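I have placed the structure first, in the form of structure tokens, so that the comments after it can refer back to it.
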């Protein structure tokens, strides 16, 4: 380029202009905001519905629990001797359970290596102790429920 062609260029042509004035937003941005707002409203509505369902579920479960407690208390009042007998049986079986657990844990501690290494030993152990322990726990739980002292706050009016 020659010296003359450089002089002919105006300083404004060397720079670009950027419009920094606040103008109206494009419709595209407004549409996206509306879409986000609608999505957030949908999420809020779904959360509100979920909360309503949970409240209904808690109320239904609470009502069923109160009914069971009332029926159990009626049974205990109608059969006070049997309830006391269940209480003594539950206490006795709890002692049996403690003895059973003591024997079981002793065997686990004595044969730990065999239980870890051999599937046969583990299967044999579970078959021997598992069902008895599960059934014993179930029987104790039933007896304990039938023998528990009624709680006046749980009874329905």
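Suppose R0 equals 25 Å. What FRET efficiency, 1/(1 + (r/R0)^6) with r the Cβ-Cβ distance, do residue 66 and residue 87 give to the nearest 0.05? Intermediate values should be presented prior to the final figure.
Numbers: r = 23 Å, r/R0 = 0.92.
Computed FRET efficiency for residue 66 and residue 87: 0.65.
What is the spin-label model distance, in nm, from residue 105 to residue 42 if the labels are put 7 Å beyond Cα along the C-beta direction?
Result: 5.6 nm between the two label points.
If you consider only alpha-carbon coordinates, what radius of gyration and Dmax does the stretch 82-150 have, in Å?
According to the Cα coordinates of the stretch 82-150, Rg and Dmax are 15.5, 49 Å.
So, R0 is 35 Å and r is the distance between the beta-carbons of residue 117 and residue 137; what FRET efficiency does that work out to, to 0.05?
On the way: r = 29 Å, r/R0 = 0.82.
Between residue 117 and residue 137 the formula returns 0.75.
In a Debye calculation with equal point scatterers on the alpha-carbon sites of the stretch 25-147 and no solvent, what is log10 I(q)/I(0) at q = 0.14, 0.21 Å⁻¹?
Once normalised to I(0) and log-transformed, intensities are -0.83, -1.11.
Between residue 95 and residue 127, what FRET efficiency follows from the Cβ-Cβ distance if R0 is 22 Å, with the result rounded to 0.05?
Numbers: r = 25 Å, r/R0 = 1.12.
My answer for the efficiency is 0.35.
No lab work stands behind these numbers, since they all come straight from the coordinates. Keep in mind the model is a prediction, meaning the values are calculated, not measured. Quick reminder, even Gly has a Cβ in these numbers, built from the backbone with ideal geometry, and neighbours come from all protein chains shown.
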